[in-house]
Amino acid sequence: MSKYNFDQEIDRKNTNSYKWDNPLYEGRDMLPMPVADMDFRIADELTNTISHINDHGVLGYSLVPETLKRAYQTKIKDSYDWDTQIEWQVWIPGIVPGLTLACSTFVLSSQSILTPIPVYHPFHLVSKWVDRDLLTFNMVEKDGRWVYDFIEFENQLKKNPGVFLFCNPHNPGGTVFTEEEIERIVFLCTKYDCMILSDEIHADLQLQTSQKHVCISKYISNELPAITFFATSKTYNTAGMGGAVAIIPNAKIREKYNKHIQGVLPMLSRHSIEIIQTSLTMNNEWLENLLIYLRINHQLLLSFIKQIKSLKMLPLEATYLAWIQYDEEILGDFQQRLFTNGLHVLRGDQFLGKNFIRVNIACTKKLLEKALLIIKKTIDEAH
């Protein structure tokens, strides 16, 4: 029997939680499911690491030790079968700032940024942040999965974008791209000489046991510029700690990226460094039990959705972020109706996807069941 109790409800209110203490909730009984962090207690090894640092009582500037660099190199090899070199690593405070810096560094002012839609909102917002044009292409449903429209993808590549932003596993929608799909993406980006920036933060949150994460950079020659971003924070519920690593095989690209980091991105904190190291070196009991729990929640949600004619959801292959389509003619502004009834989920428009909501299922089963009751009530009212 596991020592971890994922049914334990932890009160996160009044902790300055971005998820639970939203000013929009003031005076309301709100169940929040928008933000991509989990409501579960972290592993004991991680709380012990934090306690050890706090007991020491000194929080000065910190270096990323060779032991952590080797641990991440080993992680990438053992989990994703990609041989990397330690010198390829560039440590950054988070993937979004790292990706934003890459776009401002490598995309010429005359070029654009290419991304699929729907997509994690910083992927399309980054074009505004760095003052570049945005190119998009659609993901489509095929054989029960969200996949690329490769014809549209190639048509957009012909417009000479500076970078292609790749999210694998995909957020939202949970697609885990196959080896064949990744080889096709690499072929097309190589054909049109388009740099690839790959966010692989959800790589270890696999819900389908038959699938395995494939790193895109494993299939990229050194001639095509590429940066792959990893972090342990989504997997181990330490998003508030920050910390990520960019893997950059091309020496010239890595040198230029490192130059532009100076004076822009802060150093990692001691907490970030030691939390990442502990995450990589502790046993897998917490993660294994987390995935079992998430699969149960996922199945509960899927079974519920199948009973509702005005809702549709494709099974997630990874992540804990459900992408649910609704019938707008029947349900109208569904996100707002849910909010009125006490459930906060993200509007699909935020990901450039119409008539969808994104729901975070990384919560206790009891809270998920409460959310399903609110969804059912809201749908009944619409009818």
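Please arrange 28, 132 by counting, for each residue, the other beta carbons lying within 10 Å of its beta carbon, fewest first. Let's see the in-between values first.
Numbers: 28 11, 132 21.
So the ranking, lowest neighbour count to highest, is 28, 132.
Through the Karplus equation 6.51 cos²θ - 1.76 cosθ + 1.60, θ set to phi - 60°, convert the phi angles of region 375-383 into ³J(HN,Hα) values in whole Hz; use x for Gly and Pro.
With the stated coefficients, region 375-383 comes to 4, 5, 4, 5, 5, 4, 5, 5, 7 Hz.
My understanding is that a pair violates if its Cα-Cα distance is over 23 Å; which of 19/69; 142/306; 69/256; 3/75; 13/234; 234/259 do that in this structure?
Among 19/69; 142/306; 69/256; 3/75; 13/234; 234/259, the Cα-Cα distance tops 23 Å for 19/69; 3/75; 234/259.
Counting other beta carbons within 10 Å of each residue's own, what order do 210, 303, 62, 198 fall into, fewest first?
210, 303, 62, 198
Would you give the gap between the C-alpha center of region 313-336 and the C-alpha center of region 32-80, rounded to a whole Å?
33 Å
Please state, as a whole number in µm²/s, the translational diffusion coefficient that the Stokes-Einstein equation yields for region 58-126 at 37 °C and 0.692 mPa s, with Rh defined as the Kirkwood radius across alpha carbon pairs. Please report the intermediate quantities before stating the final value.
On the way: Rh = 15.0 Å.
In µm²/s, the coefficient is 219.
What percent antiparallel are the DSSP beta bridges of region 66-281, to the nearest 5? Write out the running numbers ahead of the final one.
Values: 11 of 28 bridges.
Just about 40 percent of them are antiparallel.
What do you get for trypsin sites (Lys or Arg not before Pro) in region 225-315 restricted to DSSP loop and a cutoff of at most 12 other Cβ within 10 Å of the site's Cβ?
Those satisfying the criteria are 309.
Evaluate 2.2 N^0.38 Å with N set to the residue count of the chain, then give the Cα radius of gyration divided by it.
Rounded to two decimals, the normalised Rg is 0.99.
In whole percent, what relative contact order does the chain give with Cα contacts below 8 Å and a gap of six or more residues? Intermediate values should be presented prior to the final figure.
On the way: 642 pairs, mean separation 88.9, N = 383.
RCO, the chain: 23 percent.
Report the extension gain between residue 329 and residue 58 in nm, rounded to one decimal, defined as 0.36 nm multiplied by the number of residues separating them, less their alpha carbon distance. Please report the intermediate quantities before stating the final value.
Working: separation 271, 0.36 × 271 = 97.56 nm, distance 5.85 nm.
Separation in residues times 0.36 nm, less the Cα-Cα distance, equals 91.7 nm.
Within 10 Å of each residue's Cβ, count the other Cβ atoms and sort 139, 30 from fewest upward. Show your work: numbers first, answer last.
Numbers: 139 23, 30 16.
Ordered by Cβ neighbours within 10 Å, fewest first: 30, 139.
Residue by residue through region 68-74, what is 3J(HN,Hα) from phi via Karplus (6.51 cos²θ - 1.76 cosθ + 1.60, θ = phi - 60°)? Round to whole Hz and write x for glycine and proline.
6, 4, 5, 4, 6, 4, 5
Would you kindly state how much longer the chain becomes between residue 128 and residue 295 on full extension, computed as 0.36 nm times their sequence separation minus their alpha carbon distance, in nm to one decimal? Mind dumping the intermediate values first?
Details: separation 167, 0.36 × 167 = 60.12 nm, distance 3.64 nm.
Extra length available between residue 128 and residue 295 comes to 56.5 nm.
Per 0.36 nm of contour for each residue apart, how much would the distance between residue 11 and residue 138 grow if the chain were fully extended, relative to their Cα-Cα spacing?
Length gained between residue 11 and residue 138: 41.8 nm.
No value in this document is a laboratory result; all are computed from the given coordinates. These numbers come from a predicted model, not from an experiment. Every residue, glycine as well, gets a Cβ built from its backbone with ideal geometry; the counts of neighbours run over all protein chains shown.
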